[in-house]
Each structure stands twice: as structure tokens, then as C-alpha cells.
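To start, the structure under review is shown below, and the notes come after it.
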Amino acid sequence: MIQILFISFITIAIAIAANIVFGRRHSQHVSIAALLLVLIYISYSISAFASGGIALSESLPYISSLGVSLHFTLTPISIMLITMSLIVTLAAMVWQGFRSSNTHSMNSLLLLFELSAIGLFASANLFLFYIFWDVGVIAVFFIIRSFGSASRDVASKNFLIYSIFASALLLFAIMLIYFYTPVGSFNISYITAHSSEIPTAIQESIFMLMFMAFAIKMPIFPFHSWMPNAYSNAPTSGSVVLAGVLSKFGAYGMLVLFYMLPVAETLNEYIYAIAVISIFYAAFAAMKQNDLKKMAGYTSMVESGIILAGITALNYLGKYGSVYMMLAHGFTIALMFIAIGSIEFAYGTRSLSILRGAVSSAKSASYSFMFSIFGSTGMPLTAGFVAELMIFIGTASAFGLYGIIPLIGVILVGAYMYLAASRSIMSTKEKLQEVGIISKPQKAAMAIAIAAILFFGIFPFILLNLVRI
């Protein structure tokens, strides 16, 4: 089973090499074929797990003197997140296909990013986690820097500065863990088993360092300042993987953190309060935005807060609800950014105040945008509904009535976005003159995201059976 992981790495690496060698001519076909092959591999692992349901791992010596090994593991959680990342990256790549210039360069960066995502979600030790974390950051930095909009220089620099700071915090925390465990190790399972032997004061320091690093990446208030510019100035494909997948690097890291250190049980109520504050801050910030991409960015931040709230519950439904929310959010925010990118391509603007009557010509993108709003607020039969149901049962069990406070934030931002879009994009009183025709690749990308949202909403048991839910 674990060989599937190594075959996936090789497949993506070959596709990146082919892009470099063959350039633009076959880039789109080769890149999409590689992602589809890896998706088939992972689909096979889902069927195999359904009968076994145990973690499978492989460890190869690397720097034995320091306890560093190439240690990967396939668990139900890693399979869920790898599946999500593949589908989101595939949708981003398909959307990118309508452009004729520099497609091979963008595809190579998207493939490199996907390789980092698979590696991070399957990492069984913190050394590999850190390596793949930084590879993903580098790939996204060059996506923003090379293909972003007018303010891409400032946006990419801010993104990089915050990312370097987060990486430094993470590295420092990993070093503390290594020196304070009984036998210096980067192995997550070993650290989890022996973390109670780390002095409480050191545990608290490690927790806060890692929390800040992961909060920056999710992002969570007040560590979100890089987000509006990065999301709005990245190219559409970049915004899709940045919000849909890279933010899950932080969310997955947060999940590992909370279940790795015992001190989390004494801090979870405070972190839950931070999550609630972040949700309401982002909800009200979204209401002030006229730029659709910035609005989507703050909407994404609301859902990141919900994911964090589920993690802080420290119970079964909160844990796996947050994982399923990572998956659902990846699909819905990908659809939202793809729809916004298509609307911008059709009308040359992302301004909500200008896009009155956009539905008259750009029907596919307009209706997709509305569907993404429904998906992000947890409409029944969408993946978000299943995830939010699990999370709020989990948080209510852990925090009582306080556990359902985040639901108010979801309702607020959802209602506002629906009303704003109805009065602008979906208005039938005006008709906007289009400057570009939405192409088949753009429509196909939206269809991929919609299909994923509905498929994992209608058939949640396909993945939840892996964790016996």
C-alpha cells in the first residue's frame, strides 16, 4: 500500500521533468494525466483501507545519527487530505488550460506544489513535515510572483516574509521537541507517546510557537495580515491552491499539535475563544469588501476558524469533523475563486458594485459563485453540511452552548454574501457588457469542483467509513 505513495511522487516528478523538456506543447495533457493517475492510486488505497482501516507506514534511513528518516504513513486522515489536494489542484490546472502563454511554467509549479502537499500530509516525522512545508511555500511564492496581478511584488513579498517567520517558529519548536524528548526524535508517533515527559513549561512554549506558525498559514486572527493581498493578487489558479490546499498545511499541523502535546487539554478553551473571535472578525471584514477575491479570502478565513474550533473540541466528532471540513472547504473555496476568476475574465473586473447583471452573459460562472456560497454555509447535500454537523456536535459536547456560537458567524457571512450577490451579480434589472467569453476549460474546472462538493456531500460514508463514522 505504501508503495502507492512513492509511485505518486515518481509520477509527479516525471510530469515536472516532461514539462521542462517538452515545454508548452504537451504540458497540459501530461500534467493533467499525472494528477489523474495519482488520483487513481489514492482511490485504490481508499478501497483497500475500507477493509483494513489501519495506518501503513514505510521508513528509510536518511541521517541515522540524528534520528532522521524518510518516514511516510498513509492514514485515513492523510488519504482524505491528499484526495482533496489532488482534486483542487486538478481543477486549478484545468482552469489554467484556457491560457496559451507560460502554461507549462504554471503547471510545473502546480505539480511541485501538489508533490509538497502529498508529502506533508503523509509525513510521519516532523523533519519531513518541515521540508514539504517549505517546498509548498516556495512553489506558491513563485506562482504569485511570476503570474500574479499588478501588485504581485508586494503581495509575494508579504507572503514570503510571513511564511519565513512561520517556518522559523516551526523549526524552533521542532528543535525544542527533539532536545526535550527522552531520545531525540522527529517521529510524530514517538513524540506523541512520550510528550508527557517533556516539562510543562517547555510544552507550553512548543505549543505557542507551533500554534503561531500554523495560525499564520491557516490564517487565524490576528496572524492574517498577509492574506488579503496574497489571495487577491495571486492568479486564479494560485488563489485556488493557496486558499484550498496551502491553508490546510496549517490546519493539519494544528490537528497534529493538539493531539501530540498533553498541554493542549489545558489550553483548548483559550484557543477556542481565539477561533470564535477569528470567525466573527472575518465575517464582518467580508461584509466590508467590494473586491470579490478579498471577500472570498475572508470567507475562507471564517471556515478556517470553524476548522480550528472543531480541533479544540478534542473529541472524536470534532477531530474528524475538522478533517472533513478541510476537505469540504478545499472544494468550496476552489469553486469560489474559479468562479470569480471566470467572472473577472468575462467582464474585466472583480468589483461587486460594477458587476450588476453579470448573470445575463456569464451564467455558468455566476451560478457557480452562488453555489459556492451555499456550499460554504453548509447547505444540505454538500460536503460542508456533513463537516459542520460533525464539528458543531463535537464543540457542543466539549463547550456546551458556547460550542454553537461559531454557527452564528457562518450564518451572518452566508446571508450577507447571498444578498450581496443577489443584488449585484444575479440582478436581472441590468445587463453587463462582457469583454471575454468563458471557455470550456474554465467551465470544466467549475464542474470538477461542483462535482466534488456534491459527491462527498451525498456519499460522505466513502471517506468517513475509513474512521468508522
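Assuming Y190 fulfils every condition listed in (1) farther than 25 Å from G310 by Cα; (2) free of Cβ contacts under 8 Å to residues at least 12 places away in the same chain apart from one, which condition is it?
Failed condition: (1).
Which of the residues that make up segment 68-98 are touching a helix residue (DSSP H, G or I) at 6+ places or on another chain (Cβ under 8 Å) and either over 30 Å from Y324 (Cα atoms) or free of Cβ contacts under 8 Å to residues at least 24 places away in the same chain (or both)?
V68, F98
Which of the numbered conditions does M370 fail, given that it passes all the others? Conditions: (1) within 24 Å of F214 (Cβ to Cβ); (2) more than 20 Å from the chain's Cα centre (by Cα); (3) of a type in the set (A, V, I, L, M, F, W, C).
All conditions are met except number (1).
Just to be sure I understand, how many residues within segment 158-187 are among the hydrophobic types (A, V, I, L, M, F, W, C) and in contact with a strand residue (DSSP E or B) (Cβ under 6 Å, 6 or more places away or on another chain)?
Narrowing segment 158-187 to residues among the hydrophobic types (A, V, I, L, M, F, W, C): 159-161, 164-166, 168-177, 179, 183, 186.
From the residues that got through so far, the ones that are in contact with a strand residue (DSSP E or B) (Cβ under 6 Å, 6 or more places away or on another chain) too are 186.
Matching residues across segment 158-187 total 1.
Out of all the residues in segment 291-301, is one or more assigned to a loop (DSSP other than H, G, I, E, B), basic (K, R), at negative phi and surrounded by fewer than 24 Cβ atoms within 10 Å (Cβ to Cβ)? Spell out the reasoning first.
Initial filter on segment 291-301 (assigned to a loop (DSSP other than H, G, I, E, B)): none.
No, segment 291-301 contains no residue that is assigned to a loop (DSSP other than H, G, I, E, B), basic (K, R), at negative phi and surrounded by fewer than 24 Cβ atoms within 10 Å (Cβ to Cβ).
Tell me which residues, restricted to segment 63-99, are of a type in the set (A, V, I, L, M) and assigned to a strand (DSSP E or B). If you could, list the steps in order and put the result at the bottom.
At the first step, the residues of segment 63-99 found to be of a type in the set (A, V, I, L, M) are 63, 66, 68, 70, 74, 77, 79-82, 84, 86-88, 90-94.
Matches in segment 63-99: I63, V68, L70, L74.
Would segment 206-218 turn up any residue that is within 17 Å of V323 (Cα to Cα), assigned to a loop (DSSP other than H, G, I, E, B) and in contact (Cβ under 8 Å) with a residue 60 or more places away in the chain? Break it down into steps so the answer makes sense when it comes.
Just the residues of segment 206-218 that are within 17 Å of V323 (Cα to Cα), to begin with: 214-215, 217-218.
Imposing the further condition that a residue be assigned to a loop (DSSP other than H, G, I, E, B) reduces the set to 218.
Among the residues that remain, those that are also in contact (Cβ under 8 Å) with a residue 60 or more places away in the chain are: 218.
Scanning segment 206-218 turns up at least one residue that is within 17 Å of V323 (Cα to Cα), assigned to a loop (DSSP other than H, G, I, E, B) and in contact (Cβ under 8 Å) with a residue 60 or more places away in the chain.
Could you list all residues from segment 408-424 that are within 30 Å of T266 (Cα to Cα) and crowded, with 18+ Cβ neighbours inside 10 Å?
If the condition is that a residue be within 30 Å of T266 (Cα to Cα) and crowded, with 18+ Cβ neighbours inside 10 Å, then G409, V410 are the ones that fit.
Might you let me know whether segment 332-354 holds any residue that is more than 22 Å from S237 (Cα to Cα) and surrounded by fewer than 24 Cβ atoms within 10 Å (Cβ to Cβ)?
Initial filter on segment 332-354 (more than 22 Å from S237 (Cα to Cα)): 353-354.
If we keep only those that are surrounded by fewer than 24 Cβ atoms within 10 Å (Cβ to Cβ) as well, we get 353-354.
Among the residues of segment 332-354, at least one is more than 22 Å from S237 (Cα to Cα) and surrounded by fewer than 24 Cβ atoms within 10 Å (Cβ to Cβ), which makes the answer yes.
If I ask for residues that are modelled with pLDDT under 90, under 24 Å from F221 (Cβ atoms) and loosely packed, with under 15 Cβ neighbours inside 10 Å, which ones from segment 147-175 would you list?
Scanning segment 147-175 gives S151, V154.
Taking the condition of being assigned to a helix (DSSP H, G or I), aliphatic (A, V, I, L, M) and over 29 Å from M208 (Cβ atoms), how many residues in segment 130-153 meet it? Explain how you work it out, then say what you get.
So in segment 130-153, the residues assigned to a helix (DSSP H, G or I) come out as 130-147, 152-153.
Now restrict to residues that are aliphatic (A, V, I, L, M): 131, 135, 137-140, 143-144.
Of the ones still in play, those that are also over 29 Å from M208 (Cβ atoms) are 143.
Count: 1.
Quick test for you: out of S167, S195, S189, S205, pick the one residue that is farther than 25 Å from F142 by Cβ and out of contact with any Leu (no Cβ under 7 Å at 6 or more places or on another chain). Can you show your working first?
Numbers: S167 fails: farther than 25 Å from F142 by Cβ; S195 fails: out of contact with any Leu (no Cβ under 7 Å at 6 or more places or on another chain); S205 fails: out of contact with any Leu (no Cβ under 7 Å at 6 or more places or on another chain).
After applying the criteria, what remains is S189.
May I ask you to verify whether S27 is modelled with pLDDT under 85, surrounded by fewer than 16 Cβ atoms within 10 Å (Cβ to Cβ) and more than 30 Å from M175 (Cα to Cα)?
No.
Residue check: is S196 of a type in the set (S, T, Y) and either outside any helix (DSSP H, G or I) or under 18 Å from the mean Cα position of the chain (by Cα) (or both)?
Numbers: of a type in the set (S, T, Y): yes; either outside any helix (DSSP H, G or I) or under 18 Å from the mean Cα position of the chain (by Cα) (or both): no.
No; evaluated as a whole, the condition is false for this residue.
Scan S185, S225 and give me the residue that is outside any helix (DSSP H, G or I), modelled with pLDDT under 95 and either more than 23 Å from L308 (Cβ to Cβ) or touching a Phe, Trp or Tyr at 6+ places or on another chain (Cβ under 6 Å) (or both).
Values: S225 fails: either more than 23 Å from L308 (Cβ to Cβ) or touching a Phe, Trp or Tyr at 6+ places or on another chain (Cβ under 6 Å) (or both).
Testing whether each residue is outside any helix (DSSP H, G or I), modelled with pLDDT under 95 and either more than 23 Å from L308 (Cβ to Cβ) or touching a Phe, Trp or Tyr at 6+ places or on another chain (Cβ under 6 Å) (or both) leaves just S185.
Can you find even one residue in segment 158-177 that is more than 21 Å from F214 (Cβ to Cβ), touching a Lys or Arg at 6+ places or on another chain (Cβ under 9 Å) and assigned to a helix (DSSP H, G or I)? It would help to see each step written out before you state the result.
Of segment 158-177, the ones more than 21 Å from F214 (Cβ to Cβ) are none.
Within segment 158-177 (the criterion being more than 21 Å from F214 (Cβ to Cβ), touching a Lys or Arg at 6+ places or on another chain (Cβ under 9 Å) and assigned to a helix (DSSP H, G or I)), the answer is no, since none of the residues qualifies.
Please indicate, with yes or no, whether at least one residue in segment 384-400 is surrounded by 24 or more Cβ atoms within 10 Å (Cβ to Cβ), polar (S, T, N, Q) and part of a loop (DSSP other than H, G, I, E, B).
Checking segment 384-400: not a single residue is surrounded by 24 or more Cβ atoms within 10 Å (Cβ to Cβ), polar (S, T, N, Q) and part of a loop (DSSP other than H, G, I, E, B).
The values are calculated or read from the model by the stated rules, or taken from the named source; none is laboratory data. Keep in mind it's a predicted model, so treat the numbers as computed, not measured. Don't worry about glycine lacking a Cβ; one is built from the backbone with ideal geometry, like all the others, and counts go over all protein chains shown.
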